[in-house]
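Presented below is the structure to which this report refers.
The values are calculated or read from the model by the stated rules, or taken from the named source; none is laboratory data. As the structure is a prediction and not an experimental result, all values here were calculated from the model. Neighbour counts are summed over all protein chains in view; Cβ atoms, including those assigned to glycine, are modelled from backbone coordinates with ideal geometry. These area figures cover heavy atoms from the full protein model, side chains too; ligands, DNA and RNA do not enter into them. Shrake-Rupley method; radii C 1.70, N 1.55, O 1.52, S 1.80 Å.
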Amino acid sequence: MHMEENKNVHHTDMYKSSNLIVRRNQEFTITIKLDRAFDEQQDNIQLEFLIGSAPDENKGTYIIVFFGKNKGEVRWQARVVTTQGSDVTFGITPAASCIIGRFRTFVTIVSNSGKQRTQRDPDTDLYVLFNPWDPADQVYMPEETDRQEYLLNEVGTIYNGEYNNVTSLSWNYGQFQKGVLDACLLVMDAGKVPLIYRGNATQLARQGSALMNAQDDDGVLVGNWSGEYSTGTAPTAWTGSPEILLNYASEGCVPVSFAQCWVFAGVLNTFMRCLGIPARVITNFCSAHDNSGNLKTDIVLDETGKMDRDKTRDSVWNYHCWNEVYMKRLDLPEKYSGWQVIDCTPQETSDGLYRCGPTSVNAIKEGELSFQFDARFVFAELNSDVVFHKSNKYGKTKVIYVDTAYVGKLVVTKKLNSSDYEDITSNYKYPEASIKERETMQLAESRGVPPRDYVPLGEAGVDIDLYADTIKMGDNFPLTISIKNRNSKTCNVQCCLTGSVVYYTGVTSTSFKFETKDATVQPLSTQTLRIDIRAVEYMPYLVEQSNLHFIVYSYIEDRDVSISKMKVVNLRPPELLIQVTGTPRVGKDFMVSVEFMNPYNFTLKDVELRLDGPDLIQTKTKKYKQILPGGSVKYKESIFPLISGKKKLIACLDCSALRQVTAQIDVEVLKV
């Protein structure tokens, strides 16, 4: 099968597999040993490539390549490269649109006395993948630097936190790890994806977004936002995709527990890159989860100005992760090719299944929402207005304030060759309040999005903002309300602040603070109010990822108008220390240690520590019954690298009282 030469030419040498892996529309060579020299004028040889349980020539699942005197229909290009004695080397080029997957390979000799076929040999099975290097392939990506990042990079960075305090975690995509390619193909088999769809990147991306969640088809991952994970692994404890995909495959396609949006996006990214489709993980900060699809996120305040949790059904996620895949959209006008959004976090059904996309990023930016798939849903995540309603004492509500700039604040992805983020907000939307943004909204409305038909609200002439520094979990901190009076008259402002502990999905767990303050602000000047937030107030109620959510409701008496603003404060978890001792060299052991000290006055129970790193170590987990207040743990592991180059080690500590404690370190493995 000329494994080494073929894999190098096809950019598949990184896959840890003993079988040949090739890409569409690119020639590979195989040599056949015969018992005598091959005569092209007299002899008849057929190479057969079969995929699936019922191979059929008409469906592209049974490919016959003819050599010699009898020619048939040519689906894959073929030629004789060399003959040497009784050995013949053939060059085969799979079609640019052929099905991707694992093909069984046979050689058949046809003579007057019938057909003679080689025995089934799994060692000669051959994988065919998408080909981003070839202009004829649907997923062709012109720039080599882009292909290196979005196809061949095995470790990525996923961004979270909040838009003015972006945090990150390293993720092991591990698309080349042993067994991962077979696991990805098994996901499609288990999900009964028709083979005919498996050559079309648009269809495959759509199917993949359904198959990563277990919502309606026993897909790979079970979503869970409850905070209760004792029957599985907490979403915050994972460090990469291979552990999840290999677990799914080895357990007979039983969905793996548990995931939230970045885990779904990380695994879907692995699935796409592994099959040869360029993909990246995107984070949208302040992402609307709009329950009625009306481009409004409704926040209801009670008569005192507190958020009414019973009446507020919509939420704004601090961040939401989805994926983009790069492809030509054969079903859409040319300008809508390129990056496409797919999202496998189960939120809404699309054509009866929990899935989303692919939908063109260009189409979303322009407000062109009439093309498939799910453009309206993605548009709402980026462009919803936050509409504040206030109830009176009789329960009647009215709109008091509309924030058109809160949602879709910042959209980021990993920069090429860097772990910093790239701001790609302008790929998705025009600048707030620009003429182009208004035109986009008008087009979106003409495509069926409900218009912004709010009652005109009085102009307050006052700006209100909330500020807090980056805070460590367990610290006291000041929250500042800034009131800027743009009027030439003094104004009196009543401020009501509600502080809640929320999940990153914006759903409130517990309210812990309610405080009112009044201010008299001089004309054309700014005044600040300070509210002290104490750790004893919020610590007992913290949920995973430690987000505090503040809403300030401000009533300007003199003008009888209201303003409401929201602010999320993401608390920084304590540090995890990861260190390497010795010089990492191929074929030599080196040591890595992971250390953690519990800085709190409570015991951490059932702690799980994970260590991961592609080409360095298979995922390892270590469990600790408890870590006492002020106590520390040190975990050591010996690593024996087989491949030189830049690698990454990822560590994560997780328990029910403390989530998302992560660390990563770059490791340069030297040659012998």
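What to note about this one:
- Being at pLDDT 95 or above, out of contact with any Asp or Glu (no Cβ under 7 Å at 6 or more places or on another chain) and of a type in the set (F, W, Y) holds for only one residue in F285, F264, and it is F264.
- Within the range 355-380, considering residues that are in contact with a Phe, Trp or Tyr (Cβ under 9 Å, 6 or more places away or on another chain) and hydroxyl-bearing (S, T, Y), the one farthest from S209 (Cα to Cα): S360
- The range 591-621: number of residues that are more than 23 Å from the chain's Cα centre (by Cα), open to solvent by less than 80 Å² (accessible area, probe 1.4 Å) and acidic (D, E): 2
- Candidates in the range 335-369 are the residues that are part of a loop (DSSP other than H, G, I, E, B) and at pLDDT below 90; of these, the one that is surrounded by the fewest Cβ atoms within 10 Å (Cβ to Cβ) is G352.
- Residues being surrounded by 24 or more Cβ atoms within 10 Å (Cβ to Cβ) and farther than 20 Å from Q347 by Cα - total across the range 253-270: 1
- Hey, G174 within 15 Å of the chain's Cα centre (by Cα), small (G, A, S) and closer than 30 Å to V407 by Cβ or not: no
- Against the conditions (1) under 22 Å from L186 (Cα atoms); (2) buried (at least 16 other Cβ atoms within 10 Å of the Cβ), L47 satisfies every one except (1).
- The single residue among K636, K646, K588 that is within 25 Å of the chain's Cα centre (by Cα) and open to solvent by 60 Å² or more (accessible area, probe 1.4 Å) turns out to be K646.
- Filtering the range 465-493 to residues that are out of contact with any helix residue (DSSP H, G or I) (no Cβ under 7 Å at 6 or more places or on another chain), surrounded by fewer than 21 Cβ atoms within 10 Å (Cβ to Cβ) and under 15 Å from S554 (Cα atoms) leaves D465, L466, T480, S482, K484.
- Residue match in the range 510-533 (condition: in a strand (DSSP E or B), closer than 28 Å to E381 by Cβ and free of Cβ contacts under 8 Å to residues at least 40 places away in the same chain): yes
- The range 141-155, residues that are within 21 Å of the chain's Cα centre (by Cα), assigned to a loop (DSSP other than H, G, I, E, B) and of a type outside the set (D, E, K, R): M141, N153
- Of the strands (runs of 3 or more DSSP E) lying entirely inside the range 238-334, those carrying at least 3 residues that are touching a Cys at 6+ places or on another chain (Cβ under 6 Å) and either over 30 Å from D403 (Cα atoms) or in contact (Cβ under 8 Å) with a residue 60 or more places away in the chain (or both) are 315-327.
- Some residue of the range 118-134 being open to solvent by 60 Å² or more (accessible area, probe 1.4 Å) and either part of a strand (DSSP E or B) or touching a Leu at 6+ places or on another chain (Cβ under 9 Å) (or both): no
- Within the range 533-560, considering residues that are more than 24 Å from L653 (Cβ to Cβ) and of a type in the set (S, T, Y), the one farthest from the chain's Cα centre (by Cα): Y555
- Residue match in the range 186-197 (condition: free of Cβ contacts under 8 Å to residues at least 12 places away in the same chain and either in a helix (DSSP H, G or I) or open to solvent by less than 20 Å² (accessible area, probe 1.4 Å) (or both)): yes
- Within the range 415-450, tally of residues that are open to solvent by 40 Å² or more (accessible area, probe 1.4 Å) and hydroxyl-bearing (S, T, Y): 5
- Test: W262 is under 21 Å from L658 (Cβ atoms) and in contact with a Ser or Thr (Cβ under 7 Å, 6 or more places away or on another chain): no
- The single condition among (1) crowded, with 19+ Cβ neighbours inside 10 Å; (2) closer than 30 Å to V507 by Cβ that G227 does not meet is (1).
- Lone qualifier among I578, I563 - being open to solvent by less than 70 Å² (accessible area, probe 1.4 Å), at pLDDT 95 or above and within 37 Å of the chain's Cα centre (by Cα): I578
- Candidates R23, R75 - the one that is modelled with pLDDT under 95 and either touching a helix residue (DSSP H, G or I) at 6+ places or on another chain (Cβ under 9 Å) or within 30 Å of I643 (Cα to Cα) (or both): R75
- Selection within the range 15-31 - open to solvent by less than 20 Å² (accessible area, probe 1.4 Å) and either of a type in the set (F, W, Y) or more than 24 Å from Y140 (Cα to Cα) (or both): Y15, N19, F28, I30
- So T231, is it among the hydroxyl-bearing types (S, T, Y), in a helix (DSSP H, G or I), over 13 Å from the mean Cα position of the chain (by Cα) and under 30 Å from E162 (Cα atoms): no
- Candidate set: the range 444-468, residues that are modelled with pLDDT of 80 or more and under 20 Å from K484 (Cα atoms); chosen: the one farthest from the chain's Cα centre (by Cα): G461
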